[in-house]
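Since the structure comes first, as structure tokens, the remarks are kept for the end.
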Amino acid sequence: MTLLDWLLAIFCIFATSLHLLTTALALCRCRRGTTQPAPPERAPAVSILRPIRGVDSYDELTLRSSFKLDYPNFELIFCCADETDPATLLVRRLMACYPDVKAELLVGRDYISDNPKLNNLVKGWRQTRRDWVIFADSNVFMPHDYVQRLLAGWRADTGILCSPPIGSLPLGFWAEVECACLNTYQARWQYAADSAGFGFAQGKTMLWRKCDLARAGGIGALAAEIAEDAAATKVVRRLGLRARLVDAPFAQPLGRRSARQVWDRQARWSRLRRITFPALFVPEALTGSILPIVAGACVADALGLPAPAIAALLSLVWFGSEAVLARVAGWHLAWRSPVAWAVRDAMLAALWMQAWLGDGFEWRGNDVRVDAGKMQAT
């Protein structure tokens, strides 16, 4: 074997071993639960802030889940920037359907940053007086035990507790690809990092103790970065606390997706990761199955083995372990999933490269440009 053969073999073994390790760590954290935890005996008061804008396919399902929580002491605060937004009609109708649930809708514009979501949440943050506050995107589905599962994950050194989105109810192939990106790739890596003590905040669900964020400067502290979850990670670390993930994360129903929608969303997130955590973003170029499988096939001849057989075996290891993770965790798994995983992995290198090529993206109808780590929306 030549030096190049040895290097290819080492890379293939290392990357495959790391893939199996991250899968095992995620498996330990994301097993599907059989029982729902009961609310604590002295249930602390919790405020749930949900920013809303527009109405997507499953918004009625996800927003209605807010009203059906099995928790005795919570309030809902919906935040919208514009009274004419159709989401306000949906929320008011849901509030009328569940009059026994303490809920209110706040409408108005506040500007503390170039992050539209953060600006939308400001009025809700100022309104609540409760010690525990949850920021939850409108497309997060809340199971009945949502609040108690979050509280159960809190530890003495926790500064924020989050849940990555788990794609569910996909319609069409490109929604399958989005599931592949969210579930057995991004969530897998996030849980592996969290299990190793290097957790990162995730903006879909964020549980705060209000006093901690107030100590860091209040909600305005989350305007220090172009993404509020990146800012939250750095805020809690400066406080000497940790960002943690809830065990068994919560679902985000997807519906139908186009190739452009999936690409634009993943491209935006890649660019945000590159800007906010550049040192951690660099090795992303080596993740995914394509390069290790190609490396294994290239070194097969030097080992006297058929290259197609090695490539097939490596594909089985990589995608088979993802299938086990999805099955055990109760995440979406279908006959098209391996194809979606392969398409996702083929996209990773292109997404990584484009993240370095520009500083703009479109976000919920806002044209965003990044200048020296700050976001400018037009």
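A short reminder: the numbers here are calculations on the coordinates, not readings from a lab. Computed from a prediction, not measured in an experiment: that's the story for all the values here. Neighbour counts run over all protein chains shown; Cβ positions are idealised from the backbone, glycine included.
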J(HN,Hα) series, region 54-68, from Karplus relation 6.51 cos²θ - 1.76 cosθ + 1.60, nearest Hz, glycine and proline x = x, 10, 9, 4, 10, 5, 5, 4, 6, 6, 5, 4, 4, 7, 10
Return the long-range amide H neighbours of Thr158 (sequence gap of 5 or more, or a different chain), with a cut-off of under 5 Å between placed amide H atoms.
-> Arg242
Which residues in region 17-51 place their backbone N less than 11 Å from a point set 7 Å from the Cα of Val328 along the Cα-to-Cβ direction?
-> 21-32
Which whole-Hz couplings ³J(HN,Hα) result when phi for each residue of region 74-79 is put into the Karplus expression 6.51 cos²θ - 1.76 cosθ + 1.60, θ = phi - 60°, listed in order with x for Gly and Pro?
-> 9, 10, 10, 10, 9, 10
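Suppose a student asked you for the relative contact order of region 43-256, using Cα pairs under 8 Å spaced at least 6 residues apart; what percent would you report?
Values: 416 pairs, mean separation 56.4, N = 214.
The normalised contact order for region 43-256 reaches 26 percent.
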Under-5 Å amide H pairs with Leu245, H placed in peptide plane, nonlocal only | Cys162
From the list (1) 0.98; (2) 0.96; (3) 1.01, can you say which value of Rg/Rh (Cα atoms, Kirkwood Rh) was derived from the structure given?
-> (1)
